[in-house]
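What follows is a short report on a single structure.
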Amino acid sequence: MKRIGLFLILCIILALSGPVAAKTTFIGIGTGGTGGIYYPYGGGVAEIWSKYVPGIQAVAEVTGASVENVKLADKGETVFGEVMGDVALAGFQGEGKFKGKKHDILSMAIMYPNLLQVVTLKNSGITNIEQVKGKRISSGSPGSGTNFMAEAVMKAVGIPLDSFKDSRLSFTETANALRDGTIDVGFWSVGPGTSSILDLATTHDIVIIPITPEQTQKVLTSNDTYASVDLAGGVYRGVAKPVPTIGVWNVMICQKSLTEDMVYKLVAALYEHNDYLRKIHPSAAYTTPENAVKYSPIPLHPGTVKYLKEKGIAVPAKLMP
């Protein structure tokens, strides 16, 4: 059955509501599952836009996350999407899982960095990502940035994708499967301190599997949107020391066809009420105008460019639409 998003339902309601309600523009934001950061972050953005941008009513939608969000925005089933930078670039260029089709998306803002968090239980004895061979894993739900990144990292370090049994579960389902012993290793690509891992760590002794220097070099060579980062110690119970892993920035994409005026107003509200978004999740501290030009993997929307220039921030030629 074809997916009908909440955004489309709202549009139908709008069409039936008469000429007065027609002054309101409904906006759908593609997020992810409820066990990660995308959904609460997107909900905070929706609240800001609905409250501070006249004529806008925004809503955060639960989706399959990054890969699906690119496709939904391209098809017009949502207006904005929260996407990992590697996925945004692949969608913009029509590569990888996007089957040679360049998607009509642009960058609106940079959100925060995701860290690859490869989790197992302490009693599993697994200490290296290459030990997933022959094991039961979850590389993230189909259509998610986690699944995209997990497969990219495993390919880069030489792990055949047919060498393990992959359940491809959501964050919450992955945590539950680790808890129940139905999988051995779970992958998350998410901001640190995500609720599903935090909850798992309260009841079980977990290990975050480090990415070795040799593995890191292979991964960085394979994809220049990735970076070597450390997951700080103390984020999760029982993980006291920093863990070396791979990071990638998240980007809020939008439909290329949106007007400059609309995106300008939305960007202004997003940045100027960032204090509220930080109360939703501290990762929003990374959502700054300066980071938009530092880390965007694809060109910026003209509305974003207008806002940045007004703030005296130079936009490099490669990010001009």
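Between 293, 305, the distinction of being in a helix (DSSP H, G or I), closer than 28 Å to residue 71 by Cβ and within 19 Å of the chain's Cα centre (by Cα) belongs to 293 only. Being under 23 Å from the mean Cα position of the chain (by Cα) and more than 23 Å from residue 242 (Cα to Cα), is that true of even one residue in region 181-197? No.
The set of residues in region 93-125 being under 15 Å from residue 256 (Cα atoms), surrounded by 24 or more Cβ atoms within 10 Å (Cβ to Cβ) and not aliphatic (A, V, I, L, M) consists of 107 alone. Can we say residue 46 is assigned to a helix (DSSP H, G or I), crowded, with 22+ Cβ neighbours inside 10 Å and modelled with pLDDT of 95 or more? Spelling it out, it is not the case that residue 46 is assigned to a helix (DSSP H, G or I), crowded, with 22+ Cβ neighbours inside 10 Å and modelled with pLDDT of 95 or more. I'm told residue 312 meets every condition in (1) in contact (Cβ under 8 Å) with a residue 12 or more places away in the chain; (2) over 25 Å from residue 149 (Cα atoms) except one. Can you identify the failing condition by its number? Of (1) in contact (Cβ under 8 Å) with a residue 12 or more places away in the chain; (2) over 25 Å from residue 149 (Cα atoms), only one is false for residue 312: (1).
Of all the listed residues (251, 267, 263), the sole one being modelled with pLDDT of 95 or more and within 17 Å of the chain's Cα centre (by Cα) is 251.
Among the conditions (1) at pLDDT 95 or above; (2) under 18 Å from residue 266 (Cα atoms); (3) of a type in the set (D, E, K, R), residue 68 misses just one, which is (2). Evaluation of residue 257 against the conditions (1) under 30 Å from residue 102 (Cα atoms); (2) crowded, with 23+ Cβ neighbours inside 10 Å shows that the sole unmet condition is (2). Scanning region 74-92 for residues that are in a helix (DSSP H, G or I) and out of contact with any Lys or Arg (no Cβ under 9 Å at 6 or more places or on another chain) returns 75, 85, 86, 88, 89.
Scanning region 228-238 for residues that are within 19 Å of the chain's Cα centre (by Cα) and touching a residue at least 24 places away in the same chain (Cβ under 8 Å) gives 229, 231. In region 200-215, the residues that are in a helix (DSSP H, G or I) form Cβ pairs under 7 Å with partners that are of a type in the set (Lys, Arg) and at pLDDT 95 or above, at six or more places apart or across chains, as follows: 200/179; 201/237; 202/237; 203/179. Identification of strands (runs of 3 or more DSSP E) wholly contained in region 93-190 with 3 or more residues that are in contact with a helix residue (DSSP H, G or I) (Cβ under 9 Å, 6 or more places away or on another chain) and under 20 Å from residue 225 (Cβ atoms) yields 105-121, 185-190. Evaluated against (1) modelled with pLDDT of 95 or more; (2) of a type in the set (Gly, Ala, Ser); (3) not in a helix (DSSP H, G or I), residue 193 falls short on exactly one condition, (1). Residue pairs whose Cβ atoms lie under 6 Å apart, separated by 6 or more positions or on different chains, with the first residue in region 52-72 and under 16 Å from residue 105 (Cβ atoms) and the second surrounded by fewer than 23 Cβ atoms within 10 Å (Cβ to Cβ) and at pLDDT below 95, are 67/97; 67/143; 68/143.
The values are calculated or read from the model by the stated rules, or taken from the named source; none is laboratory data. Bear in mind the structure is a predicted one, so any value in this text is a computation, not a measurement. Glycine also receives a Cβ, built like all others from the backbone with ideal geometry; neighbour counts cover every protein chain displayed.
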